[in-house]
């Protein structure tokens, strides 16, 4: 009986309830690390490897945090990858003209402006966000190709500070802090959740739904701009892509975002996103370490995305992608 009472008290403990989801994610991270460490102890999972995985996952976590603002409303944006590529190209070009100022400001302005265009057209055209952003994706890809002029844009060595620690970690954690504050302590977060919960009730409460949908798209664009800074600094270059090739950049941030949605009931969606992206990175690198072909990795990626979406859908019943 005493053991049962202790378990009941632990379950009812507010502190435990709050961090239960985080503990689950940490256990999953250790589990997947352990599996691949056993399979290939020489090629995977050293402390240096884990630190490298963490830095890579932070980049995707930034994009996932931005995606969270729209996905929680039941919206979607397939142009995220094109936004990152276009913003990254501009980051390289403007860094040659204005140094770090150009590297930071140009992609953030570009990303936010793309978010504004996406949100404005979605609210005005009144057609599903998936259709709007796929159409805009093709435009942004073409624009990036024209601006790049058929050349790979290379970031000069002296401007690659955000490609490694501690600068990339500090920038990423600033974004996580900003996202947490916006969600927890501002009208943006309150109204975002209200619209996602029930748009009709939100309207009846006097919330300007279209306004906050546009703001959500702008926030996604802002975070995409920051992600492009990290991406181009880490990869040292950015190449234009057409034919929806940029869409592949969407999926890892989306998967991390769904971790946040699935675990938001525990009150820490941003932290869930960060740990979730770390788990995804561990899995991807684990398959690389064991020498799995790219086709197997794609199968695992697709299966993982389906599982995460299925689990997430149960936590947000009634939310329809618009």
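Couple of notes before you dig in:
- Taking first residues from the range 151-165 that are on the phi > 0 side of the Ramachandran plot and partners that are outside any helix (DSSP H, G or I) and surrounded by 14 or more Cβ atoms within 10 Å (Cβ to Cβ), no Cβ contact under 8 Å between residues at least 6 apart in sequence or on separate chains turns up.
- Restricting the range 143-154 to residues that are surrounded by 13 or more Cβ atoms within 10 Å (Cβ to Cβ) and more than 10 Å from residue 93 (Cβ to Cβ), the residue that is nearest to the chain's Cα centre (by Cα): 144
- Those residues of the range 188-221 which are in a loop (DSSP other than H, G, I, E, B) and either on the phi > 0 side of the Ramachandran plot or buried (at least 19 other Cβ atoms within 10 Å of the Cβ) (or both), in sequence order: 206
- Residue match in the range 250-264 (condition: touching a strand residue (DSSP E or B) at 6+ places or on another chain (Cβ under 8 Å), buried (at least 24 other Cβ atoms within 10 Å of the Cβ) and in a helix (DSSP H, G or I)): no
- Checked against the criterion of being within 22 Å of residue 249 (Cα to Cα) and within 18 Å of the chain's Cα centre (by Cα), the range 93-105 contains not a single residue that satisfies it.
- For the range 289-305, the set of residues classified as at pLDDT 85 or above and in a helix (DSSP H, G or I) consists of 289 only.
- Residue in the range 250-263 that is more than 18 Å from the chain's Cα centre (by Cα), in contact (Cβ under 8 Å) with a residue 60 or more places away in the chain and over 21 Å from residue 52 (Cα atoms) present: no
- Residue 131 vs. criteria assigned to a helix (DSSP H, G or I), surrounded by fewer than 16 Cβ atoms within 10 Å (Cβ to Cβ) and without any contact (Cβ under 8 Å) to a residue 24 or more places away in the chain: yes
- If you check 82, 106, 91 for being buried (at least 21 other Cβ atoms within 10 Å of the Cβ) and under 21 Å from residue 256 (Cα atoms), only one passes: 82.
- The residues on offer are 224, 240, 179, 272, and the sole one that is part of a loop (DSSP other than H, G, I, E, B) and crowded, with 21+ Cβ neighbours inside 10 Å is 240.
The values are calculated or read from the model by the stated rules, or taken from the named source; none is laboratory data. All values reported here derive from a predicted model rather than from experimental measurement. Positions of Cβ are generated from backbone atoms using ideal geometry, with glycine treated the same way; all protein chains shown enter the neighbour counts.
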